[in-house]
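A short write-up of the structure that comes next.
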Amino acid sequence: MLQVGDAAPGFRLRSDDGKEVSLSDFRGRKVVVYFYPRANTPGCTRQACAVRDVYPEVAVRDIVVIGISPDPPSRLAKFRERHNLPFELLSDPEHRVAEAYGAWGEKRASGKTSMGIIRSHFGIDEGGRVIAIGYKVKPEATAELVRRLASAS
């Protein structure tokens, strides 16, 4: 698992609109990266919509928000359009980026254990260092992180 002060793991993933997006594209800006299990599920929709609702506060401060899930870009595009999401959604089908961030692991639900995305979020500073971490967060907690970074800018 990452620690505050660590260099954020770099990545290059395909976005909901099919373009390649890299963390290094945003060097010099604060970034919030969050991981969610699956687009259009209740918790993931609450998480994305809560971030959408505070997004105007971060857009004026030039903070980037990126949501990452194992979903294919086509599913992400439908999710983004359906909920009018103003930020990037990236596809990590082999969960390599999620693993690098510690957001892939064992989960328990209804008495069953499986491997999957652990709902997590990370604040990254302008130099690419992790400044905030949350593992096993509630869906609405990511919006609070976004708001906190915006108010600190």
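Bear in mind these aren't lab numbers, they're just calculated from the coordinates by the rules spelled out. Keep in mind it's a predicted model, so treat the numbers as computed, not measured. Glycine gets a Cβ as well: all are built from the backbone with ideal geometry, and neighbour counts include every protein chain shown.
Just flag the trypsin sites (Lys or Arg not before Pro) in region 86-140 sitting in loop per DSSP whose Cβ has no more than 11 other Cβ atoms within 10 Å.
In loop regions of region 86-140 (DSSP not H, G, I, E or B), the sparsely surrounded trypsin sites (Lys or Arg not before Pro) are LYS136.
Write out the GluC sites (Glu not before Pro) in region 15-116 meeting two conditions: DSSP loop, and at most 13 other Cβ atoms within 10 Å of their Cβ.
Answer in residue order: GLU94.
Only Cα pairs under 8 Å and at least 6 apart count here; give the relative contact order of region 12-152 as a rounded whole percent.
32 percent
How big is the dipole moment of region 12-152 about its Cα centre under a simple scheme where the beta carbon of each Lys and Arg is +1, that of each Asp and Glu is -1, and everything else is neutral? Debye, nearest 20, please.
Computed about the Cα centre, the dipole is about 380 debye.
Would you grab the residues whose amide H sits under 5 Å from the one on LYS30? Only those 5+ places off in sequence or on another chain, please, with H modelled 1.01 Å from N.
VAL64
Which one, SER24, PRO56, ALA109, is farthest towards the positive end of the dipole of the chain when Lys and Arg carry +1 and Asp and Glu -1 on their Cβ?
ALA109
Taking neighbour Cβ counts within 10 Å as the exposure measure, how do TYR36, TYR55 sort from fewest upward?
Starting with the residue having the fewest Cβ neighbours, the order is TYR55, TYR36.
In nm, give the distance between the simple-model label positions of ASP53 and GLU94, each being 7 Å from the Cα along the Cα-to-Cβ direction.
Rounded to a tenth, the inter-label distance reads 3.8 nm.
Return the FRET efficiency for the residue pair GLN3, SER110: r is the Cβ-Cβ distance, R0 is 30 Å, and the value is rounded to the nearest 0.05.
Taking R0 as 30 Å, the efficiency between GLN3 and SER110 is 0.40.
Using the alpha-carbon centroid of each, what span in Å lies between region 1-28 and region 84-134?
Here the answer is 12 Å between Cα centres.
What lysines sit close enough to LYS138 to cross-link, taking a C-alpha to C-alpha distance under 17 Å and skipping anything fewer than 8 places away on the same chain?
Answer for LYS138, where 17 Å is the Cα cut-off: LYS107, listed by chain and number.
For region 1-71, what does the relative contact order come out to in percent, with C-alpha contacts under 8 Å and a separation of six or more?
Here the relative contact order equals 33 percent.
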